[in-house]
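Q: This is the structure I have questions about; it appears just below.
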Amino acid sequence: MRVYVPLTLPGLAEAHKTGELGAESLLAYAVTPALREWYLSDDIEELEYAALSRAALASLRLLAMDPGVPRRRVVVAVDVPDSTAAADPDRGLDPAALGEVRVTGPVPLARTAAVHVDADDAAADVTAAAEALGAADAGDDDAQFVVDGAEDHELLWYATQEIPHLVGLGD
């Protein structure tokens, strides 16, 4: 199963250093039955993009919690055995949890298919979105407009061998 793990650049650097995304339990996003029902599409590429977008929003939440990290959303696409990823049946139709899965057991970075990261020019919009997230969650339409502005920036695709460059360890 392809899952999308929300991170920050320091989180990606830590995964690169340790060789794994998580040792015990990891929050990720995937094409779940609830996501399929919500998105109303049978196109797997569209559904995977929806799961990636949910993970990008979760990455934005991580940025909002830590103002000291670089303002770039990071999502790692990784393939895990189906048996290790499960959606919480009690939160299946909760709009905040669409596509959310819990991955159990270690997730080696070697299983990474790709890394998706904001371009440098997205930093101002991502910063504004992270700062507006709390107000948007509280129902402020203007703040939601600012959060949606981050989504106007497509995450760039990087191969796994580019991770050292992304985290500042490469040339």
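Q: Of everything in segment 26-38 that's open to solvent by less than 80 Å² (accessible area, probe 1.4 Å) and part of a helix (DSSP H, G or I), which residue is farthest from LEU62 (Cα to Cα)?
A: If we take residues in segment 26-38 being open to solvent by less than 80 Å² (accessible area, probe 1.4 Å) and part of a helix (DSSP H, G or I), then ALA34 is farthest from LEU62 (Cα to Cα).
Residue-by-condition table, conditions (1) within 18 Å of GLY11 (Cα to Cα); (2) under 14 Å from the mean Cα position of the chain (by Cα); (3) without any contact (Cβ under 8 Å) to a residue 40 or more places away in the chain:
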position	(1), (2), (3)
SER25	yes, no, no
ASP42	no, no, yes
ALA77	yes, yes, no
SER83	no, no, yes
ASP94	no, no, yes
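Q: Condition first: among the charged types (D, E, K, R) and either within 20 Å of ALA159 (Cα to Cα) or at pLDDT 95 or above (or both). Now tell me which residues in segment 23-53 satisfy that.
A: GLU45, GLU48 - these are the residues of segment 23-53 that are among the charged types (D, E, K, R) and either within 20 Å of ALA159 (Cα to Cα) or at pLDDT 95 or above (or both).
Q: Same structure again: Is it the case that some residue within segment 129-145 is on the phi < 0 side of the Ramachandran plot and touching a Phe, Trp or Tyr at 6+ places or on another chain (Cβ under 6 Å)?
A: no
Q: Considering only residues that are open to solvent by 30 Å² or more (accessible area, probe 1.4 Å) and either modelled with pLDDT of 90 or more or not in a helix (DSSP H, G or I) (or both), which ones fall in segment 85-107?
A: Listed by number, the residues that qualify are ALA86, ALA87, ASP88, PRO89, ASP90, ARG91, LEU93, ASP94, GLU100, ARG102, THR104, PRO106.
Q: Something else about it: If you check VAL69 against the conditions, is it of a type in the set (A, V, I, L, M) and buried (at least 20 other Cβ atoms within 10 Å of the Cβ)?
A: When the stated conditions are applied, VAL69 does not pass them.
Q: Provide a single number: the residues in segment 126-158 that are more than 17 Å from ARG72 (Cβ to Cβ), outside any helix (DSSP H, G or I) and open to solvent by less than 60 Å² (accessible area, probe 1.4 Å).
A: Final tally of qualifying residues: 1.
Q: Kindly evaluate ALA110 against the criterion of being open to solvent by 10 Å² or more (accessible area, probe 1.4 Å), of a type in the set (A, V, I, L, M, F, W, C) and touching a residue at least 60 places away in the same chain (Cβ under 8 Å).
A: yes
The values are calculated or read from the model by the stated rules, or taken from the named source; none is laboratory data. Note that the structure is a prediction, hence the values are computed from the model and not measured. For neighbour counting, all protein chains shown are included, and Cβ atoms are generated from backbone atoms with ideal geometry for every residue, glycine included. These accessible areas exclude ligands, DNA and RNA; they are computed on the full protein's heavy atoms, side chains included. Shrake-Rupley method; radii C 1.70, N 1.55, O 1.52, S 1.80 Å.
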